[in-house]
Structures are given as C-alpha cells and as structure tokens.
Amino acid sequence: MASPGSFLVLLEPDLKSPEDLEGLLDSSLTRGLTSGQAEEALRRDGPNELEKPPKPTLRMLFAAQLTGFVIVLLACAALASIVVSFTGPKKADALSYTTAEAIFVIVVINAGISAWAEHKAGDALEALSKMTQASTTVLRDGREVKIQASAVVRGDIVVLRTGDVVPADLRLVQAEDVKVSEMSLTGEPDDVAKTVNLKVQGPDEPMTLTPENMVFSGCSVTYGKGRGIVCETGMLTRIGRIAQLIADDWNNKPKTKCGCLPDCHPTVSATPLQKNLERLGGRIGAIAVVTCVIIFVIGLALDRADPANPDSPAWLNMILVAVTLAVAAIPEGIPLCVTISLSIGCSDMVTKNVLVRSLASVEALGCASVICSDKTGTLTEGKMTLVNMWSAGVAYSVEGRGFDPTVGGVTRDDSGKDANNEMSVRSMLLAALLCCNTRLSKIRDPATGGERWEPKGDSSEAPLVVAARKIGLHESIGNEYKRVLEIPFSSCRKMMLTVTDVSGRRELCTGGIPLPDEAELLVICKGAPSVILDDCTELLLEDGDAAPLTDSKRREIQEVIDAYAANALRVLAIAAKTLERLPFDAKDDEVSPDQKLAACRTGLRLLGLAASIDPERSCVPESVLTAREAGIGVVMITGDYLRTAVAVARKVNILEPWDHEGVTAVDCARLRPQGVYLPRKHMDSLTSSVRVFARARPEDKLQIVKSLQRQGAVTAMTGDGVNDAPALHQANIGVAMGIQGCEVAKGASDMILTDDNFSSIVAAVEKGRSIYAGIQKFVAFIMSVHIAEVLQIFVC
C-alpha cells in the first residue's frame, strides 16, 4: 500500500474517488490517521509550512548598493581626488579634500536610502505564510482533535465548518452545502459551491479554475460543513506553487543594477532609465580613461612640468593632471539628482492615489508601454449589482451602483417611469428577499475613516438585497415572515428553496400580489433559470393574476434570458406558490432535503428574472482611451469566463467595435494545449494581438507578462489576489490594490493603488513621464557642465 509520500497521490486527486485516496494515503475516511502515522508522515514530509528564503540583512543590502558601475566609478574618482590632494602642496589643508568627501557622502546617502527601501519591500512570501489559521480540526485515532495547522499531514481527515480557513489542499469526502471563497486564489469574487462528486469536464464546457471536489489551502469556508482528506501540504499546495513561482522569479531574475537608482531590488527588472544610466556610466568611464591617457601622452611628449615645482619630473605632473581630469569627468551629481527627483515623485504620487514602495518604479511607470489589468475590482466596481429585471412580461432597469441602497430605484424600460411601487416588482423582490440569508449594513472603513455599505453573506444574493432596499423593503422584514423550511443552494440543485408562514395575510406585502384565502405557506425558489423554468406551470401577470406558462411564453422568456446572457449578465429566476400545508411530515427525520425539495418545487408560478453584473468603474473607459492615445496598450487578464470578459472589455474600450473576438480575445486554455505552454515564438505571436485573456491561472498571467517583455514591452501589472503575485513580481511595475488587495499581492508589488481604480494608474503614468523627462534634462545639463570642465583642462 502506498504511503503518504507516494508520488501517485500528486497526480490529479480530484479525479480519484475518496476510497482510492483512502488506500493511496493509508488513511481511514471514518477514523483518520493514527497518532503514530501522523508523526511518521510529519518527520518524512516536514511541517505544513511555506519555505521562505533567508531575508538579506540591512547591512548586506547596503553593501549591495555599492556595486553599481557608476557608484564604483564615483568611488574611484573620490579616491583619485584624495591622491591628488595628498600629493599636492596643500595636502595639510582639510579643505582640499572636500570634493572627495562630498562624493563619499553622496554615495553613502544614496546607498542608505536604497538599502532601507529594499529592506521594507519584497515581503510577499512572508504574507503568503500568514494566510492559514493557527489551528484546525482533524480526525486522529477516530476522534476530532484540534492541532496546529503546521502539523497537518497528507492523509489527515480535516473537519471544515463555516468560517474555517482551509489548512492544506483537500479532496472533499463529505460536503453539506459547502461554499468556499476562492477570491484570493482565483481573483473571482463569487463564492464557489463544492461537492464530493467526481466530475469529468465535458468537451464543450468552459474550463473551471478549480475542481468542484477540491478545496485549497488559504481559502475560507463561507457556508456549510464538510470533511476532506489532505492531498498536499506545504510547498506542494497551490499556494505553495505560487510561492515557488515568486521565489523562482526572485532567484532567476537578472540582478542588473545601477547604483544611480536607489532601489533596484530583485523584485524589479531594470528600468529604461537604469539601463540608460548604466550605459552612460560605462561610456563615461571609457571616455575618461581614454582622455586621461591622451592627456598624459601629449603632456609627456611636450615635457609639461609643474610650473609651481619646475624640478619635479613631467611624468609625475601629467599623472596628477590626468587624475584631476578623470575626477572632473565623473558626474557626481547624477545619483543624488535621481534620488531626489524620484523621492519627490513618490510624494506627488500620493495625490494621485498611488502609494509607491519602490522608488525606481516611479520612473519605470513613466516608461510603461503595456498595462496588464485584472478585471474584478480594478476595471469594474468589484460589487455585483442588479441592473435589469423582468417580471409579468415587463422589462425594468435598476439604477445605482455598488451596494449603496440609498441611490437609485426601479424604472420601466418601455416608459422610463418609476416602478418602485408596481405590484410585480414589489412581489418579486420581496420573494427574493425571503429566499436570502444575506444582510446589508454600514461599516467603518479603517483606511479612510468613512462609512460604506457592505453585504454579509452570499455574494450572489447581495444584488437582490440592495435592490429590495431601494424600493423600501428592508431585509429585517423577514422577521415578520416565519421561515418554516430552508433547503440551501448547492451546485447539484442549482437552486435554493424556502417555505414561509403567510397565514392570515391577504397580500404578500403592501402593494404585493394577493394571496388565496386558504394560503398558509409560501414556497419560494431562487436559482438558475433553466432549472426554475422547468418547475413552473404559471406566469405572473401585471394585475397579480396568473396565466398558464405555454410553450410560446417559455420561448419569449428564454429570449429575454439569452439577451441578458449575451451582455454577460448573471440571471436568477424567482418563482413561488402557496400551500395549505407541507406535502410531507416536517417531524419525520427520514425525509431527506432532496425529497423535501422535490415535493415542494412542483407547479410554481414564475415571478420574474433578476440580472446582475459587476459594473465598470465610471471613469475607466475614458482612461483606457487616454492610455491608448499616449501609446500605452491595455490588456485584460481575468479568471472570469470569456463571454463576461469580452462584454466588460467592450464597455471599457479595451476592445473596440471593429475588433474580432476570435483574434483579440482568448481563453487561456489556448496558451497551454494539452497542458503544455506554447513555444516562445508562437506564444509571442499570440500575445502580440490579444487584448483579453479569460480563465487565467497564476501561471498563465506570469507567462503572458514574460511574453510581452520578450517583445520589448515595459509592463505594468495590476492585481489584488494571491494568484496575481507571481505576475506582479515579474512585471516591470507591479501594482496592487489597496482596498481589496491581499497582503501577498501588496508584498509582491512596487506600488499600491489606494482607491483600487484603473484611472489612477493612467494618472500615475503621466506623472512618471514628467519625472523621467525632468531627469533627462538634468542629466543633459550636468553632462554639458562636466564636458566643459574637461575641455578647459585639456586646452589649458
């Protein structure tokens, strides 16, 4: 029997049954590992922790800053100046050494700023290691015990409950309505329903970012409970692989340094200014040496002795003149100028809602030629919002953005009139509210000190709760309606059902549809339209009556659903019916939830459809056009589905009306046919024309950025999740989100957007370009001064 260290267990555990994994891992689904097995596995595999490379000390970082070519050149010039002063007639005068002292002060200050900035940056791996909770519950020797997360080993049976953070990569063996937030791993905000079922991907089905029967280290359980068998721990988890990508990027990135720029730490590729100044330093050094040799040879040929000391040999005088010339040729003011310019630029960036962690990135941002942006939360609001409704044959629009219920309302599409009090609207939204568990409240934002609206619960329910508030239906109204039964949503059912006590009511709510006299209970179903429609036999009419749901009506409704879906809207259907009593014995524990669901869901009346989307930020379309006019390409890289990504890209002007979707937008599966990435030549050809990448994994984002860099692009990459960290690390400028961004993304970035707004990047690029232009002008000025000094010495 294979041990927990067997390589077999690493091969697609989602495609293995729990019983197969039980055998492979020498575990028990009912009793877990024994204490002895766990101790042996811990000794063999090591603790469930991420490996962190040793962090360089401040002293080591300071020494590293002194290795830049121009800094070495300045140090040589300072030493030469000391030699000249010491051999001259005023060697006892302290003022004769001021040039050397000034150069050394500049070098030390520059290196100190560099070392300190680098010491504070590059903490992505440290943040990754803090994502798991300190302890977790596992089965050991047949009992539930709480252990340190670092002591979890492969083969352990982990007990998961709402609010837990998954301690390792698990294959679920039990799942009761489990939902997991994978936003930090995939970047997508919706909670993901999980199941124990073995599901094989169909040929026409879009690829999911994570298997439905797996939960991954660092993700939190938002609903339900379950158990899972540990398949991978430590660096072999998905989080561990991301950590490895960051570490590999750090270790393999060329450490091209320029001492003129104060913090070219390993997370940053050499910027254009750094490369130019590195080349300038080399040329200055070569020209200075050649000029000194020429001066020495000419002076020696002319027998130019020191006029103040005619008896000294000419060769000694010419050596001193040549060294003086070399000192004059070195532009010692450049490093301090660059440091001061970039430091001032950092302060100015704060007014643009950009917090800079790496000084060199200020200049690099000004040279950016491509901005790779995440979709959710950067180009969009990051808040699912109800924008359209359909009820009783009438289409409605819902105004307002985000989670603020005080802004906007419901209007009819045909006339534009206020529809907040229409019977069908109020009935549909109240029914939806009674079939939700999400609450909306104001919370204080610790970053700004202000208040903002925040939903607590299922992200798919938040748009319904906000829309209900807009027409005056507070979720606390649910306290007036006693819930008799709830069957939660699952990926198998694709719907949620509640049964509510409505005895004694003649209408659903004030202004709502009338209820039959004999109605005691109200069954409400909310879920995927394809599932809900199959159970509906009636359709709500505007006057509150019902009409049979004929085939022609079904086709009309399907056309509405298709139109919403074509605009990347996520559609939920709401249906209801009244009962005199439950069709089963509520006290009978033998009746399963699925049996209760089957008994209640027949003969429903369709109340309407609710269509939601994560809307684009209001100023993003203009900012994308501004960037394009400035010669900067904008590329969207998202984990969302291709249709949704294309719809948003068109709204924000990343895709233009004449762009062909088959050429400019791709599913990232095309980058890795049969699981292997395309050759570099083919990859570069694809990324050169594509502006929308959908269903992207962390490795995909990294490969896309590398491909663009191979084509000579200076890339700025935005991100907010753990999945973005490797690409943030690789990009010339990594830009993390300050509000929704996790600490891992911030640690891997060079700058942070304090408002999570794409438009702030474009404003920062404009500022970076002005700083770059200013530095170029100063370098040209100071070089003209030093050339004049050299010519003066040469002529005289």
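On the stretch given as the stretch 762-796, residues that are over 25 Å from LEU277 (Cβ atoms) and touching a Lys or Arg at 6+ places or on another chain (Cβ under 9 Å) total 1. In the set (1) modelled with pLDDT of 95 or more; (2) more than 19 Å from VAL394 (Cα to Cα), the condition left unmet by ILE574 is number (2). Remark: pairs (first residue in the stretch 27-41, modelled with pLDDT of 90 or more; second residue hydroxyl-bearing (Ser, Thr, Tyr); Cβ separation under 7 Å; 6+ apart in sequence or on different chains) = LEU33/SER27.
Only one of the listed residues (THR687, THR715) is more than 11 Å from the chain's Cα centre (by Cα) and closer than 22 Å to ASN353 by Cα. That residue is THR715. Looking only at the stretch 674-700, residues that are at pLDDT below 90 and open to solvent by less than 50 Å² (accessible area, probe 1.4 Å) come to 3 in all. Of everything in the stretch 17-27, what is surrounded by 17 or more Cβ atoms within 10 Å (Cβ to Cβ) and under 16 Å from ARG227 (Cβ atoms)? Give them in sequence order. Matches in the stretch 17-27: PRO18, LEU21, GLU22, LEU25, SER27. Scanning the stretch 100-119 for any residue that is modelled with pLDDT under 80, among the acidic types (Asp, Glu) and either open to solvent by less than 70 Å² (accessible area, probe 1.4 Å) or closer than 30 Å to LEU185 by Cβ (or both) turns up at least one such residue.
If you go through the stretch 421-435 and keep only what is open to solvent by 10 Å² or more (accessible area, probe 1.4 Å) and over 35 Å from the mean Cα position of the chain (by Cα), you end up with ASN421, GLU422, MET423, ARG426.
Among the residues of the stretch 447-498, those that are among the small types (Gly, Ala, Ser), in contact (Cβ under 8 Å) with a residue 12 or more places away in the chain and in a helix (DSSP H, G or I) comprise ALA462, ALA467, ALA468, GLY478. Applying the set (1) touching a residue at least 12 places away in the same chain (Cβ under 8 Å); (2) under 22 Å from LEU708 (Cα atoms) to GLU629 leaves exactly one unmet item: (1).
Pairing each residue of the stretch 633-649 that is farther than 13 Å from ARG691 by Cβ and open to solvent by less than 20 Å² (accessible area, probe 1.4 Å) with any residue that is among the basic types (Lys, Arg) and part of a helix (DSSP H, G or I), provided the two are 6+ apart or on different chains, yields C-beta distances under 8 Å for ASP640/LYS375. Condition (residue is out of contact with any strand residue (DSSP E or B) (no Cβ under 8 Å at 6 or more places or on another chain) and open to solvent by less than 30 Å² (accessible area, probe 1.4 Å)) applied to the stretch 621-628: is it met by at least one residue? Looking through the stretch 621-628, at least one residue is out of contact with any strand residue (DSSP E or B) (no Cβ under 8 Å at 6 or more places or on another chain) and open to solvent by less than 30 Å² (accessible area, probe 1.4 Å). All of ALA727, ALA716 fail the test of being touching a Lys or Arg at 6+ places or on another chain (Cβ under 6 Å) and in contact (Cβ under 8 Å) with a residue 60 or more places away in the chain, apart from ALA727.
Just to be sure before I move on: is CYS525 of a type outside the set (Ser, Thr, Tyr), outside any loop (DSSP other than H, G, I, E, B) and either in contact with a Gly (Cβ under 7 Å, 6 or more places away or on another chain) or surrounded by 17 or more Cβ atoms within 10 Å (Cβ to Cβ) (or both) in the structure I sent? So CYS525 fits the description; yes. The stretch 318-407 holds strands (runs of 3 or more DSSP E) entirely within its bounds, and those carrying 3 or more residues that are buried (at least 22 other Cβ atoms within 10 Å of the Cβ) map to 370-373, 385-391.
Residues checked against (1) under 19 Å from CYS435 (Cβ atoms); (2) of a type outside the set (Lys, Arg); (3) assigned to a loop (DSSP other than H, G, I, E, B):
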position: LEU597; (1), (2), (3): yes, yes, no
position: THR602; (1), (2), (3): yes, yes, yes
position: ALA611; (1), (2), (3): yes, yes, no
position: VAL635; (1), (2), (3): no, yes, no
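So, in the stretch 661-699, exactly how many residues are among the small types (Gly, Ala, Ser) and in a helix (DSSP H, G or I)? Looking only at that region, the number is 4. When ASN653 is tested against (1) free of Cβ contacts under 8 Å to residues at least 60 places away in the same chain; (2) part of a helix (DSSP H, G or I); (3) under 25 Å from LEU365 (Cα atoms); (4) open to solvent by 10 Å² or more (accessible area, probe 1.4 Å), only condition (2) is not met.
Please work out which residue is modelled with the lowest pLDDT, limiting yourself to the stretch 219-269 and to residues that are closer than 19 Å to SER184 by Cβ, among the hydrophobic types (A, V, I, L, M, F, W, C) and buried (at least 24 other Cβ atoms within 10 Å of the Cβ). Taking the candidates together, the pick is ILE246.
The residue that is most open to solvent (accessible area, probe 1.4 Å), among those in the stretch 541-581 that are within 14 Å of MET389 (Cα to Cα) and part of a strand (DSSP E or B), is ARG570. Counting the residues of the stretch 756-780 that are over 20 Å from ARG628 (Cβ atoms) and of a type in the set (Gly, Ala, Ser) gives 3.
Set side by side, the residues GLU144, GLU126 differ, and just one is open to solvent by 20 Å² or more (accessible area, probe 1.4 Å), at negative phi, modelled with pLDDT of 90 or more and among the acidic types (Asp, Glu), which is GLU144. Within the stretch 624-641, the residues that satisfy the criterion of being under 20 Å from the mean Cα position of the chain (by Cα) and either charged (D, E, K, R) or at pLDDT 90 or above (or both) are VAL624, GLY633, VAL634, VAL635, MET636, ILE637, ASP640.
The values are calculated or read from the model by the stated rules, or taken from the named source; none is laboratory data. This structure is a prediction, so every number in the text was calculated from the model and none was measured. Backbone-built Cβ (ideal geometry, glycine too); neighbour counts: all protein chains shown. The protein model used for the area step is the full one, side chains on, heavy atoms only, and it has no ligands, DNA or RNA in it. Shrake-Rupley method; radii C 1.70, N 1.55, O 1.52, S 1.80 Å.
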